[in-house]
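Following: one structure in structure tokens, then a few remarks.
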Amino acid sequence: MSYFVLLISFVLWSQPEAHLQNRQEVPPVPVQIEVVADSLNVIHAKVMVEPNTPAREVMGRLFQMKYASWRKAFVVGIAGFEADKRKRQYWALSIDGDYANVGIAEIRIKKATTIRWELKQY
């Protein structure tokens with residue numbers, strides 16, 4: 001039996017200091033991400049991002065993401081773990097403990113946020 005846990009911790013802060021000259025500096029926002037493929041394969045990541053960062057951008061910087069179409073409308077794979085259509089699997093997204101009622105592309109990180117992806121069956 002193998003158990004896979006990956007902890008990632010770093011800062012995603014891409015705004016050059018020159019852009020901050022004419023406005024007040026805003027502190028980075030903490031984001032916790034948990035990807036649960038099954039009970040043995042769990043990935044935890046903690047990052048700091050600038051406010052208003054798109055959540056899909058955060059996920060794309062941390063993990064290899066696979067989508068059902070070129071429009072990136074439906075997540076089918078995260079970090080090499082893919083939903084299996086034959087097993088009727090999908091990636092369930094929750095934000096701060098509540099199932100998301102929008103896709104990852106519509107979510108912007110504005111405050112401390114927990115993003116959880118869990119491979120589920122329908």
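We did not get these values from a lab; they are worked out from the coordinates using the rules stated. Note that the structure is predicted; figures quoted are calculated from it, not measured. Note that we place each Cβ from the backbone using ideal geometry, even for glycine, and neighbour counts take in every protein chain shown.
Worth pointing out:
- Greater than 25 Å apart at Cα, pairs in Lys72/Lys110; Lys85/Lys110; Lys46/Lys120; Lys46/Lys110; Lys46/Lys87: Lys85/Lys110; Lys46/Lys87
- Estimated distance in nm for a label pair at Glu57 and Val26, the labels positioned 7 Å out from Cα along Cα-to-Cβ: 1.1
- Spacing of the modelled spin labels on Val102 and Glu50, each 7 Å from Cα toward Cβ, amounts to 2.0 nm.
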